[in-house]
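Visitor: First the structure, which I've put down as structure tokens, then a few questions once you've had a look.
The values are calculated or read from the model by the stated rules, or taken from the named source; none is laboratory data. In this text, all values refer to a predicted model and were calculated from it rather than measured experimentally. Note that each Cβ is placed from the backbone with ideal geometry, even for glycine, and that neighbours are counted across all protein chains shown.
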Amino acid sequence: MTKPILAGALALATSLALVGAGLAQSAGGLSSLRGASVDEQVPVEQIFQQETQRFNREYRQQPPLIPHSIDQYQIDVRANQCLGCHDWTNAGDRGAPTLSMTHYLDRDGTEMDHVAGTRWFCNQCHVPQANAPELVENTFESSTGR
């Protein structure tokens, strides 16, 4: 007898939650952060431009910033298009900076001829450089002695 009561209470709670969500939406209580309706497309103007001139690094061991667009680059478990130019086998021919030797070390420090799996996803550390406005107040100061 306890199971039917529990199942009924669960069904009632689910129904009330769905009705409440429906009422909240129909009451116009939901809106995006830009003030538009949730289902409305909001055009967003481009607030930054990709910079091609290399930025200085702001602290010791900062990963270099990417001075070109990577919008269409495939970087997944099967492929990494960054290596087409930056792998040590191609960098000289392409005029691109080669990867640091640390990218060819496995977890145990063994040197390999291919990029280590721990360094495969470049955009974990490297990001496209842009002269973009701050989204929040920033008090960062560059380290001295670059």
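Visitor: Select from segment 92-117 the residues that are surrounded by 14 or more Cβ atoms within 10 Å (Cβ to Cβ), in contact with a Lys or Arg (Cβ under 9 Å, 6 or more places away or on another chain) and either in a loop (DSSP other than H, G, I, E, B) or of a type in the set (Val, Ile, Thr) (or both) and list them in ascending order.
Guide: LEU99, ALA116
Visitor: Can you confirm whether THR110 is hydroxyl-bearing (Ser, Thr, Tyr) and more than 21 Å from GLN53 (Cα to Cα)?
Guide: Answer is yes for this residue.
Visitor: Taking the criterion of being at negative phi, modelled with pLDDT of 90 or more and either part of a loop (DSSP other than H, G, I, E, B) or among the polar types (S, T, N, Q) (or both), would at least one residue in segment 66-75 satisfy it?
Guide: yes
Visitor: Moving on. In segment 118-146, which residues are assigned to a loop (DSSP other than H, G, I, E, B), touching a Lys or Arg at 6+ places or on another chain (Cβ under 9 Å) and either in the same structural domain as PRO67 (by TED's automatic domain parsing) or closer than 30 Å to ARG78 by Cβ (or both)?
Guide: If the condition is that a residue be assigned to a loop (DSSP other than H, G, I, E, B), touching a Lys or Arg at 6+ places or on another chain (Cβ under 9 Å) and either in the same structural domain as PRO67 (by TED's automatic domain parsing) or closer than 30 Å to ARG78 by Cβ (or both), then CYS125, GLN129 are the ones that fit.
Visitor: I would also like to ask the following. If you go through segment 87-104 one residue at a time, do you hit one that is touching a His at 6+ places or on another chain (Cβ under 6 Å), under 30 Å from SER143 (Cα atoms) and of a type in the set (A, V, I, L, M, F, W, C)?
Guide: Yes: segment 87-104 contains one or more residues that are touching a His at 6+ places or on another chain (Cβ under 6 Å), under 30 Å from SER143 (Cα atoms) and of a type in the set (A, V, I, L, M, F, W, C).
Visitor: If you don't mind, there's one more thing I want to ask. Go through the residues of segment 118-127 one by one and say whether even a single one is touching a residue at least 60 places away in the same chain (Cβ under 8 Å), within 20 Å of the chain's Cα centre (by Cα) and loosely packed, with under 10 Cβ neighbours inside 10 Å.
Guide: no
Visitor: Within the group SER37, SER15, which residue is modelled with pLDDT of 70 or more, in a helix (DSSP H, G or I) and farther than 30 Å from ASN131 by Cα?
Guide: SER15
Visitor: Please enumerate the residues belonging to segment 96-120 that are over 22 Å from TYR59 (Cα atoms) and not charged (D, E, K, R).
Guide: Listed by number, the residues that qualify are ALA96, TYR104, LEU105, GLY109, THR110, MET112, HIS114, VAL115, ALA116, GLY117, THR118, TRP120.
Visitor: OK, next. Any chance you could count how many residues in segment 78-102 are within 20 Å of the chain's Cα centre (by Cα) and either in contact (Cβ under 8 Å) with a residue 12 or more places away in the chain or within 26 Å of ALA130 (Cβ to Cβ) (or both)?
Guide: So the answer is 5.
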